[in-house]
C-alpha cells in the first residue's frame, strides 16, 4: 500500500521494434510533434511529482538513439526478446528503495499526469491497479471474411497502461510466470493478485500503425489549444492587528485584515482565478466559511488545493498576474518575497508569478484605507 515513505518508480518498456508502424527506425524513436515519441512518453513520468525515478527498457541496438531521445537522470537497461523478459530485466534494475512500480508501454506517449495519479491513488488500497476503457462497440466473431457470430461485451474492458503494482508482488509474479502474456495484469492475475480498475482515457492510445502517428499529432494540436484563463477578485477590511499577511508574507502594519481564514487577500484572489479557469466555482464552494474547521486557516491550504485540482485535470500554471490595491502598506519592498512564497506553494518557477500593486488615488474604500483589494489573472496550459 502507498504510504508517505513509499518510493514509486516508473518502468517504461521500449525494447520492441514496432515494425507495423513502418519507418527506418523503431517507432519509439520516430518523431511525434517534433520530438521522439519515446521522449514524450518519458517526459510525462519524469515530471510527475509523485514518481521518484524513471527507468527505460531499451533494445540492445538502441543505445545511440536512446541517448539522444532520453533526458539526463533517466536510467536505461537493455531488454530481452519478449515483453515479459524486458519487464523482468527492468524490474531487476529499479533502485533498491523502490516499493511500487508503474509499468508503461513506451508507445503510449499521450498518457496524462491525471491518469498516472489515478493509478497511484488506487495503489493506496490494493497491490495492483490498471486503467481501462469499457467496450462499447458490438463484438463479432469471424472466420476469414465472414461474420460467424456475436460476442457479449458485458464486463469487457480495453486495457491500457501504466499498470501499477507493489514491487515485491509483481517481481514474484514475473518470476513464477513462464508463459507469454499480453501485459503485466495477465501476469499478476496468474499469480493470484487482485488488480483494481481505474478510468482510462481515449487519448491514451498505443501507437502501432502509421495512421496512429497522424491521430496522435491531432491530439497534440488539440492539447496545445486547450488554454484556460481565469480571474479572481477579493476584498478584506482592516481591523485590529499589527501586521497583514499578503501572499504568505507577514508585512508589518498598524492594522490587520479581517476574514474567516487568515484573510490573505492576494492568495485568495489567485486561488479563485485558478478555480475559475477550471470552471470549479470559488473558495467558498470548496472550503465553506460555515465550516468551523477553516476558521483562521492558512490560505496556503486553499491555494495548494486549487493547484492540485488543476494538475489532476491535466493543467500546469502558465503564469499568474496579481495586483494588490491599497494605499498602505507599501507592497514594493515585499514583492520579491511574495513572488517567491507564491511560487514555492504552487510548485512553479518564480518567473511565472507577478505581484504588483497600485493605489486607488485616495478614492473608494481602499483610498480611505478601510481595507485591501486584490485582482488576479491566471493562465493554465496543458501539462
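The values are calculated or read from the model by the stated rules, or taken from the named source; none is laboratory data. Note that the structure is predicted; figures quoted are calculated from it, not measured. Note that each Cβ is placed from the backbone with ideal geometry, even for glycine, and that neighbours are counted across all protein chains shown.
Overview of values
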quantity	calculated
Matching residues, region 310-365, being under 30 Å from residue 115 (Cβ atoms), in a helix (DSSP H, G or I) and touching a strand residue (DSSP E or B) at 6+ places or on another chain (Cβ under 9 Å)	310, 342, 343, 346, 351, 352
Qualifying residue in region 227-235 (condition: within 25 Å of residue 40 (Cα to Cα), under 19 Å from the mean Cα position of the chain (by Cα) and in a loop (DSSP other than H, G, I, E, B))	yes
Boolean, residue 173 is touching a strand residue (DSSP E or B) at 6+ places or on another chain (Cβ under 6 Å), under 25 Å from residue 94 (Cβ atoms), buried (at least 17 other Cβ atoms within 10 Å of the Cβ) and assigned by TED's automatic domain parsing to the domain that holds residue 42	no
Complete set of residues in region 172-226 that are assigned to a strand (DSSP E or B) and either more than 14 Å from residue 158 (Cβ to Cβ) or free of Cβ contacts under 8 Å to residues at least 24 places away in the same chain (or both)	196
Test: residue in region 127-145 that is exposed (fewer than 13 other Cβ atoms within 10 Å of the Cβ) and in contact (Cβ under 8 Å) with a residue 40 or more places away in the chain	no
Sole exception among (1) out of contact with any helix residue (DSSP H, G or I) (no Cβ under 7 Å at 6 or more places or on another chain); (2) at pLDDT 95 or above; (3) assigned to a helix (DSSP H, G or I) for residue 275, by number	(1)
Residue selected from region 89-104 under the condition out of contact with any helix residue (DSSP H, G or I) (no Cβ under 8 Å at 6 or more places or on another chain) and under 30 Å from residue 209 (Cβ atoms), by the criterion surrounded by the most Cβ atoms within 10 Å (Cβ to Cβ)	90
Out of 102, 94, sole residue that is under 25 Å from residue 177 (Cβ atoms) and in a strand (DSSP E or B)	102
Any hit, region 244-253, residues being under 30 Å from residue 112 (Cα atoms) and in contact (Cβ under 8 Å) with a residue 12 or more places away in the chain	no
Near pairs, Cβ below 8 angstrom, 6+ apart or cross-chain, from region 64-76 (more than 10 Å from residue 39 (Cβ to Cβ) and not assigned by TED's automatic domain parsing to the domain that holds residue 12) to any residue that is crowded, with 18+ Cβ neighbours inside 10 Å and at pLDDT below 95	none
Answer residue from region 276-292, given it is touching a residue at least 12 places away in the same chain (Cβ under 8 Å) and farther than 12 Å from residue 233 by Cα and is surrounded by the fewest Cβ atoms within 10 Å (Cβ to Cβ) among those	289
